[in-house]
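A short worksheet on the structure shown next.
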Amino acid sequence: MSESHPQNASAPDEHPSAPATPRSSAAVLTAHDAGLLLIRLAVGLTVAARGAQHLFGWWHGLGIDKTALAFAQFGYPAPKAMAVIAGLCETFGGLALAAGLLTPLAGAAVAGTMANAVAAAWPLGWFGGFEFPMVIGVSAAGLALSGSGRIALDALLPGLRSQRLIYGIAALVLAAILAAVTILLSKS
């Protein structure tokens, strides 16, 4: 049984050899883990693909030079360096989220990058483009807080086998600080 879910232990009124019911702890946790896996795959692979577009120009993407030009138009200092950092955070943060590897850090990296994307697209309005990075960023932040679930590489790592809320909070605070500094630099 996973340490992250103390409710895994049989409840006092449940007999240990009784078959799992749809509302038993084991059934609920399996559903929870399957849901987290689906969200991780959708968010992680979407973000990783977008990062590959930015870095390498795959799937009709801009590539790093054109992405750097876009960053310059948004006012970022050292636009090529910022484009590389954003592309790396998207690509490797997305892949780590999909695999459930270092989920608090991966989720925070993606959330911080998406905060910058929201800030850049903000003038376009809700249906103009900032809703997509906002949903991706909030989803990544939720994964940073909840952890990856048991169907993940984190389940094999002793320190992350049991997700602690403080890991997600600490990673998200760091991401928020870095995102705020980056956004402020782009506005100056």
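Some observations on this one:
- Among residues of the range 81-102 that are within 20 Å of GLY35 (Cβ to Cβ), those with a beta-carbon under 6 Å from a residue that is open to solvent by less than 10 Å² (accessible area, probe 1.4 Å) and not in a helix (DSSP H, G or I) at least six positions away or on a different chain give the pairs GLY100/SER148.
- Check on ALA109, open to solvent by 10 Å² or more (accessible area, probe 1.4 Å), over 17 Å from GLN53 (Cα atoms), in contact (Cβ under 8 Å) with a residue 12 or more places away in the chain and over 9 Å from the mean Cα position of the chain (by Cα): no
- Looking across GLY75, GLY57, one residue alone is in contact (Cβ under 8 Å) with a residue 40 or more places away in the chain, touching a helix residue (DSSP H, G or I) at 6+ places or on another chain (Cβ under 9 Å) and either of a type in the set (Gly, Ala, Ser) or more than 15 Å from SER148 (Cα to Cα) (or both). It is GLY75.
- From the list ALA140, ALA170, ALA86, the lone residue that is among the hydrophobic types (A, V, I, L, M, F, W, C) and either under 25 Å from ALA31 (Cβ atoms) or under 10 Å from the mean Cα position of the chain (by Cα) (or both) is ALA140.
- Residue in the range 104-120 that is modelled with pLDDT of 95 or more, farther than 17 Å from VAL181 by Cα and not in a helix (DSSP H, G or I) present: no
- Condition broken by VAL118, with the remaining ones in (1) touching a helix residue (DSSP H, G or I) at 6+ places or on another chain (Cβ under 6 Å); (2) surrounded by fewer than 17 Cβ atoms within 10 Å (Cβ to Cβ); (3) β-branched (Val, Ile, Thr) satisfied: (2)
- Residue check, ILE151 in a helix (DSSP H, G or I), aliphatic (A, V, I, L, M) and in contact with a helix residue (DSSP H, G or I) (Cβ under 9 Å, 6 or more places away or on another chain): no
- Single condition GLY142 does not satisfy, out of (1) over 20 Å from ALA52 (Cβ atoms); (2) at pLDDT 95 or above; (3) surrounded by 20 or more Cβ atoms within 10 Å (Cβ to Cβ); (4) not aliphatic (A, V, I, L, M): (3)
One line per residue, one yes/no per condition, for (1) of a type in the set (A, V, I, L, M); (2) surrounded by 21 or more Cβ atoms within 10 Å (Cβ to Cβ); (3) modelled with pLDDT of 95 or more:
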{"site": "LEU88", "(1), (2), (3)": "yes, no, yes"}
{"site": "PHE92", "(1), (2), (3)": "no, no, yes"}
{"site": "ILE136", "(1), (2), (3)": "yes, yes, yes"}
{"site": "SER148", "(1), (2), (3)": "no, yes, no"}
{"site": "ILE151", "(1), (2), (3)": "yes, no, no"}
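- Test: LEU41 is part of a helix (DSSP H, G or I) and at pLDDT 95 or above: yes
- In the range 123-134, the residue that is most open to solvent (accessible area, probe 1.4 Å) out of those that are within 19 Å of ALA83 (Cβ to Cβ) and in a helix (DSSP H, G or I) is PHE132.
The values are calculated or read from the model by the stated rules, or taken from the named source; none is laboratory data. Predicted model, so just to flag it, every value in this text is computed and none were measured. Note: ideal-geometry Cβ built from the backbone for every residue, glycine included; neighbour counts use all protein chains shown. Each accessible area value is taken on the protein alone, full model and side chains, heavy atoms only, with ligands, DNA and RNA left out. Shrake-Rupley method; radii C 1.70, N 1.55, O 1.52, S 1.80 Å.
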